[in-house]
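Reviewing the structure listed below.
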Amino acid sequence: MSQFANTQTAPTAPREFGFWLDGAYQGGRELFERSSPGHGVPVTLIPKCTVDDLNAAVAAARRTFEDRSWAGISGAERAGVLLRTAQILRDRRDEIAYWEVLENGKPISQARGEIDHCIACFEVAAGAARLLHGDSFNSLGDNLFGMVLREPVGVVGLITPWNFPFLILCERVPFILASGCTMVVKPSEVTSATTLILGEILADAGLPKGAYNVVTGSGRTIGQALTEHPDVDMLSFTGSTSVGRSVVHAAADTNFKKLGLELGGKNPIIVFADADLEDAADGAAFGISFNTGQCCVSSSRLIVDRRVAKEFEEILARKMKKIVVGDPLDESTQVGAITTSQQNETIMSYIAKGNAEGARLVTGGSQMDLGKGTYIEPTLFSDVTKGMSIATDEIFGPVLSSFHFDTTEEAIHLANDTVYGLAASVWSKNIDTALSVTRRVRAGRFWVNCIMAGGPEMPLGGFKQSGWGREAGVYGVEEYTQVKSVHIDTGKRSHWIK
Ligand code: TXE
């Protein structure tokens, strides 16, 4: 059993990391300290990389891409590396979960579950690496044969956020590698540890040096420089809509790099009167409280049939009060700490706005004092109306806003009344209702009588201002390729010059 399996306390001294360049840790940089949001003690020391470090990482990724040691090997060989990575992740699961909890504040049981999902990502990507293929056209006449090749885009920049540091990383890295690309990753400054540890694991699994590099530091300097880098062919960004917009500008102002963007959400959960209300309430409580609501697919807008609204909100409030919020290293904890003090302030300011703008607080609404760390009660507001801040803005916390509807048309209209389109959930026992709502609500991920279900076979991504492109599954591998049309003349040329 791993030494981390039964660890129940934060470390007595922070662990120092280097950044990951060309297959090894590099030290010697100024360090910044990260404290555990659940315990308030320093847990990691992370390098402040410079733009020169970033340039070295891009150069390493470029060299490895061009020398064909990764792009030029067979899909089967790439799959071998991805499957060995999955095995090492299995062996180091408890250790990775431990560092994830310390930097992010999520519950240990949830973190372990996420690592299991990450293992599955590597396994699915291994299969996709072997099956990736192009197309052919036998319809161009006897003298012309057409082939469509899929080629890796090249060097990918990957910028990730702090809410699911390892999960979001693993929903991208194996699929990027499966396509034959190499990469430079810039994790969030507050949650860099597990992204660095993945470097060790990939190296042990046999990934060529330079295929995976990690530069750590601030988004405004290193992140911005990565988005502007002229030798990066594609950039995958997951984070706020405002930084997403600056990423688009940076790409336009430099080399028109291809972009993948996963941005914010204000996701509806629509509950009809004929739903199993106990199931739907459990789903709604989970959908807003999972990962303390710091989740791009959190179901943050409850849209409930007026005929059952009062009853449903009562069931939901009862369930929300029973959620176990506490020390993320405690096995029984269901909801942990808010990841940063800045995010804590943002959430509390939205709760204050909800009260001030006239919404009715049904449950929660307070900061919790557990003696250490930053915790907020799962919160439900009812009587929320269009125009209130809690109706429109992504709060990124455990704050659910409830709206009531009278007709299916109104439910669909409310669900679509947002600039976002990341995810949605509908609860009804009537197949006609569930399917017609699913087809008309504009969102990249949909759950019918369930919430946040799925596996890495399924594509992820958003409609509208929630982003561009898709990650994971075969779709995720294809995203990191570009197609080349090849035309082959199989006969005698019909001459132009007579
Ligand atoms: O995100 P940022 P923040 C939303 C959520 C949250 C808000 C702010 O609403 O409250 O964003 O979170 C890097 N060029 N989401 O401030 O700043 C940064 O270092 C390039 C939703 O943490 O967007 C980090 O690695 N990169 C989201 C990453 O971008 C830059 C998840 C995300 O940070 C940069 C997280 C720049 N100029 C927040 N500035 C989701 N969709 O899940 C920062 N970064």
### Task
Please state which of the following conditions T85 fails to meet, knowing it meets all the rest: (1) open to solvent by 60 Å² or more (accessible area, probe 1.4 Å); (2) at pLDDT 95 or above.
(1)
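For the stretch 200-225, which residues satisfy the criterion of being open to solvent by less than 10 Å² (accessible area, probe 1.4 Å), part of a helix (DSSP H, G or I) and in contact with a Leu (Cβ under 6 Å, 6 or more places away or on another chain)? Can you show your working first?
The initial filter retains those residues of the stretch 200-225 that are open to solvent by less than 10 Å² (accessible area, probe 1.4 Å), namely 201-202, 205, 210-217, 222-223.
Okay, now just the ones that are also part of a helix (DSSP H, G or I), so 201-202, 222-223.
If the condition is that a residue be open to solvent by less than 10 Å² (accessible area, probe 1.4 Å), part of a helix (DSSP H, G or I) and in contact with a Leu (Cβ under 6 Å, 6 or more places away or on another chain), then I222 is the only one that fits.
Is the stretch 489-497 home to any residue that is basic (K, R), at pLDDT below 95 and open to solvent by 30 Å² or more (accessible area, probe 1.4 Å)?
Taking the stretch 489-497 as the starting set, the residues that turn out to be basic (K, R) are 492-493.
Pick out the ones that are also at pLDDT below 95 and you get 492-493.
Imposing the further condition that a residue be open to solvent by 30 Å² or more (accessible area, probe 1.4 Å) reduces the set to 492-493.
Yes, some residue in the stretch 489-497 is basic (K, R), at pLDDT below 95 and open to solvent by 30 Å² or more (accessible area, probe 1.4 Å).
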### Task
Inspect the stretch 295-309 for any residue being over 22 Å from the mean Cα position of the chain (by Cα) and more than 17 Å from A415 (Cα to Cα) and give the result as yes or no.
yes
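Provide a single number: the residues in the stretch 346-359 that are aliphatic (A, V, I, L, M) and either buried (at least 21 other Cβ atoms within 10 Å of the Cβ) or not assigned by TED's automatic domain parsing to the domain that holds A309 (or both). Step through it out loud before you land on a result.
Quick first cut of the stretch 346-359, residues aliphatic (A, V, I, L, M) only: 347-348, 351-352, 356, 359.
Then keep just the ones that are either buried (at least 21 other Cβ atoms within 10 Å of the Cβ) or not assigned by TED's automatic domain parsing to the domain that holds A309 (or both); that gives 347, 351, 359.
Adding up the residues that qualify gives 3.
Has the stretch 233-253 got at least one residue that is more than 15 Å from the ligand (Cβ to nearest atom) and either open to solvent by 10 Å² or more (accessible area, probe 1.4 Å) or farther than 25 Å from V190 by Cβ (or both)? Walk me through how you get there before you give the answer.
We begin by selecting, within the stretch 233-253, every residue more than 15 Å from the ligand (Cβ to nearest atom); these are 233.
Next cut, either open to solvent by 10 Å² or more (accessible area, probe 1.4 Å) or farther than 25 Å from V190 by Cβ (or both) only: 233.
Within the stretch 233-253 (the criterion being more than 15 Å from the ligand (Cβ to nearest atom) and either open to solvent by 10 Å² or more (accessible area, probe 1.4 Å) or farther than 25 Å from V190 by Cβ (or both)), the answer is yes, since at least one residue qualifies.
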### the stretch 118-143, residues that are open to solvent by 60 Å² or more (accessible area, probe 1.4 Å) and over 25 Å from the mean Cα position of the chain (by Cα)
H133, D135, S136, F137, N138, S139, L140, D142, N143
### Task
Could you tell me which residue of the stretch 360-375 is farthest from L329 (Cα to Cα), considering only residues that are surrounded by 22 or more Cβ atoms within 10 Å (Cβ to Cβ) and in contact with a Ser or Thr (Cβ under 7 Å, 6 or more places away or on another chain)?
G364
#### Entry: Lone unmet requirement of (1) of a type in the set (V, I, T); (2) in contact with a Ser or Thr (Cβ under 7 Å, 6 or more places away or on another chain); (3) without any contact (Cβ under 8 Å) to a residue 40 or more places away in the chain for I96
(3)
### Query
Among (1) assigned to a loop (DSSP other than H, G, I, E, B); (2) away from the ligand (no atom under 16 Å from the Cβ); (3) within 22 Å of Y475 (Cα to Cα), where does M452 come up short?
(2)
### Message
Suppose we keep only residues that are outside any loop (DSSP other than H, G, I, E, B) and within 11 Å of the ligand (Cβ to nearest atom) within the stretch 149-168. Which one would you say is farthest from the chain's Cα centre (by Cα)?
### Response
G157
## Note on the structure
A careful count of residues in the stretch 39-78 that are charged (D, E, K, R) and in contact with a strand residue (DSSP E or B) (Cβ under 8 Å, 6 or more places away or on another chain) gives 3
### Task
From (1) open to solvent by 10 Å² or more (accessible area, probe 1.4 Å); (2) over 30 Å from T481 (Cα atoms); (3) not basic (K, R), pick out the condition that doesn't hold for A71.
(2)
### Query
Which one is farthest from E103 (Cα to Cα), of the residues in the stretch 14-24 that are surrounded by fewer than 16 Cβ atoms within 10 Å (Cβ to Cβ) and in contact with a strand residue (DSSP E or B) (Cβ under 8 Å, 6 or more places away or on another chain)?
E16
## Note on the structure
Filtering the stretch 169-193 down to residues that are within 14 Å of the ligand (Cβ to nearest atom) and closer than 19 Å to L83 by Cα yields L169, E171, R172
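Return yes or no: is F256 within 15 Å of the ligand (Cβ to nearest atom) and of a type in the set (F, W, Y)? Spell out how you get there, then give the answer.
Working: within 15 Å of the ligand (Cβ to nearest atom): no; of a type in the set (F, W, Y): yes.
No; evaluated as a whole, the condition is false for this residue.
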### Query
For the stretch 104-111, does any single residue satisfy the condition of being away from the ligand (no atom under 16 Å from the Cβ), surrounded by fewer than 20 Cβ atoms within 10 Å (Cβ to Cβ), assigned by TED's automatic domain parsing to the domain that holds G217 and closer than 15 Å to E478 by Cα?
no
### Summary
Pairs returned, first residue in the stretch 199-219 that is touching a residue at least 24 places away in the same chain (Cβ under 8 Å), second residue that is among the hydrophobic types (A, V, I, L, M, F, W, C) and assigned to a loop (DSSP other than H, G, I, E, B), beta-carbon separation under 6 angstrom, 6 or more apart or interchain, are P208/W70; A211/W70; V215/C49; T216/C49; G217/C49
### Query
Within the stretch 385-426, can you find the residues that are of a type outside the set (S, T, N, Q), within 22 Å of the chain's Cα centre (by Cα) and open to solvent by 30 Å² or more (accessible area, probe 1.4 Å)?
D393, E394, F396, V419, Y420
### Query
Does Y420 satisfy the condition of being in contact (Cβ under 8 Å) with a residue 12 or more places away in the chain, in the same structural domain as F145 (by TED's automatic domain parsing) and within 30 Å of K257 (Cβ to Cβ)?
no
### Conditions (1) within 16 Å of the ligand (Cβ to nearest atom); (2) open to solvent by less than 10 Å² (accessible area, probe 1.4 Å); (3) without any contact (Cβ under 8 Å) to a residue 40 or more places away in the chain: number failed by A281
(1)
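Residue by residue through the stretch 455-467, note down the ones that are surrounded by fewer than 17 Cβ atoms within 10 Å (Cβ to Cβ) and outside any loop (DSSP other than H, G, I, E, B).
Applying the first criterion (surrounded by fewer than 17 Cβ atoms within 10 Å (Cβ to Cβ)) to the stretch 455-467 yields 455, 457-458, 464.
Result: K464, single match.
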### Task
Residues being under 23 Å from A203 (Cβ atoms) and part of a loop (DSSP other than H, G, I, E, B): count how many of those fall in the stretch 6-47.
7
### Query
Here are some conditions: (1) touching a Leu at 6+ places or on another chain (Cβ under 9 Å); (2) within 13 Å of the ligand (Cβ to nearest atom); (3) free of Cβ contacts under 8 Å to residues at least 40 places away in the same chain. F381 meets all but one. Which one does it not meet?
(2)
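The values are calculated or read from the model by the stated rules, or taken from the named source; none is laboratory data. Worth saying up front: this structure is predicted, and the values here are computed from it rather than measured. Glycine also receives a Cβ, built like all others from the backbone with ideal geometry; neighbour counts cover every protein chain displayed. Areas reflect the complete protein model, heavy atoms only, side chains present, ligands, DNA and RNA absent. Shrake-Rupley method; radii C 1.70, N 1.55, O 1.52, S 1.80 Å.
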